[in-house]
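**Student:** A single structure is presented below for examination.
The values are calculated or read from the model by the stated rules, or taken from the named source; none is laboratory data. Computed from a predicted structure; not experimentally measured. Glycine also receives a Cβ, built like all others from the backbone with ideal geometry; neighbour counts cover every protein chain displayed. Areas reflect the complete protein model, heavy atoms only, side chains present, ligands, DNA and RNA absent. Shrake-Rupley method; radii C 1.70, N 1.55, O 1.52, S 1.80 Å.
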Amino acid sequence: DQQVKQNSPSLSVQEGRISILNCDYTNSMFDYFLWYKKYPAEGPTFLISISSIKDKNEDGRFTVFLNKSAKHLSLHIVPSQPGDSAVYFCAAIHFGNEKLTFGTGTRLTIIP
Amino acid sequence: DAGITQSPRHKVTETGTPVTLRCHQTENHRYMYWYRQDPGHGLRLIHYSYGVKDTDKGEVSDGYSVSRSKTEDFLLTLESATSSQTSVYFCAISETDTEAFFGQGTRLTVV
């Protein structure tokens, strides 16, 4: 049972435009959501997170939005840069069991 | 960078042989995780640990066992490797509600 889903396996965006990556979840017990970025042959690295009690968190070019009623979160990158080309994983955690659950990832390609 | 090291980084092994992957951390983080990454599946949790000798199963634990006898080391063992266990394995560490830090990964090929 996939509790965290990223329904778009890939996304291409023109450099300078906005990239929007989406994530849906089914477990209403999740307390915290995270986005990770992964380059080939490297481990994922943390990008940005949001608590379930917030609806927005911003860090530079990256903003994460959480819609709890829709069980949906999104990552906005603006402006998109070539170095943003990577696979992005959405993850969620329930503090009761501390298991970090990942989505399947979205490959973002920034077109120069 | 978080002090987390996976070994080996690459391994080719034959079907039916035992394999042990090691994750070593220098951050004294309480939680340690083993994930596998496969195309179309993303990162899937195999086992995790919330303290020395305290481990639990993840979503794809069949065929795997783990041990954590020291805070800094988390071992993943494939008792009898199968071709379906060919994958890239990632170890991660975290401390309660902060983000997890990942190792560089181990590419395992079972032939």
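**Student:** Determine Rg/Rh for chain A; Rg is computed over alpha-carbon atoms and Rh is the Kirkwood hydrodynamic estimate from the same atoms.
**Tutor:** Value, to two decimals: 0.95.
**Student:** Hey, which lysines would be in cross-link range of B:Lys11, C-alpha to C-alpha under 22 Å, not counting anything within fewer than 8 residues on its own chain?
**Tutor:** Straight-distance partners of B:Lys11: A:Lys38.
**Student:** Moving to a separate point now. How big is the A/B interface in buried accessible area, both sides summed, 1.4 Å probe, to the nearest 100 Å²?
**Tutor:** Chains A and B together bury roughly 1700 Å² of accessible area.
**Student:** Which of A:Lys54/B:Lys70; A:Lys5/B:Lys57; A:Lys37/B:Lys53 have a Cα-Cα distance over 26 Å?
**Tutor:** Cα-Cα > 26 Å for A:Lys54/B:Lys70; A:Lys37/B:Lys53; rest within.
**Student:** Follow-up. Sum up the charges of everything whose Cβ sits under 10 Å from the Cβ of B:Arg68, counting Lys and Arg as +1 and Asp and Glu as -1, but leave B:Arg68 out.
**Tutor:** -1
**Student:** Using a cut-off of 14 Å between beta-carbons, work out the net charge of the residues near A:Ser12 (Lys and Arg +1, Asp and Glu -1, A:Ser12 not included).
**Tutor:** Local net charge: 0.
**Student:** Additional query: State the antiparallel share, in %, of DSSP beta bridges confined to chain B, rounding to the nearest 5.
**Tutor:** 90 percent
**Student:** If DNA, RNA and ligands are ignored and the probe is 1.4 Å, what is the ranking of B:Asp62, A:Asp55 by accessible area, most exposed first?
**Tutor:** From most exposed to least exposed: B:Asp62, A:Asp55.
**Student:** Summing +1 for each Lys or Arg and -1 for each Asp or Glu, what net charge is found among the other residues whose Cβ lies under 10 Å from the Cβ of B:Asn28?
**Tutor:** Net local charge, B:Asn28 excluded: -2.
**Student:** How crowded by other chains is B:36-42, given as the mean number of beta carbons from other chains within 10 Å of each beta carbon?
**Tutor:** 5
**Student:** Convert 20 °C to kelvin, take the viscosity as 1.002 mPa s, use the Kirkwood radius over C-alpha pairs of the range B:4-110 as Rh, and evaluate the Stokes-Einstein diffusion coefficient in µm²/s, rounded to a whole number.
**Tutor:** 158 µm²/s
**Student:** Continuing with the same structure: So what is the accessible area of chain A per residue, in Å², with the probe set to 1.4 Å?
**Tutor:** Using a 1.4 Å probe on heavy atoms only, each residue of chain A averages 47 Å².
**Student:** When the scattering of the protein assembly as shown is computed by the Debye formula from its Cα atoms alone, each counted once and equally, what is log10 I(q)/I(0) at q = 0.08, 0.13, 0.18 Å⁻¹?
**Tutor:** Debye intensities relative to I(0), on a log10 scale: -0.28, -0.74, -1.31.
**Student:** Here's another thing I want to ask about it. What FRET efficiency, computed as 1/(1 + (r/R0)^6) with R0 = 35 Å and r the Cβ-Cβ distance, is obtained for B:Ser84 and B:Glu27, rounded to the nearest 0.05?
**Tutor:** My answer for the efficiency is 0.65.
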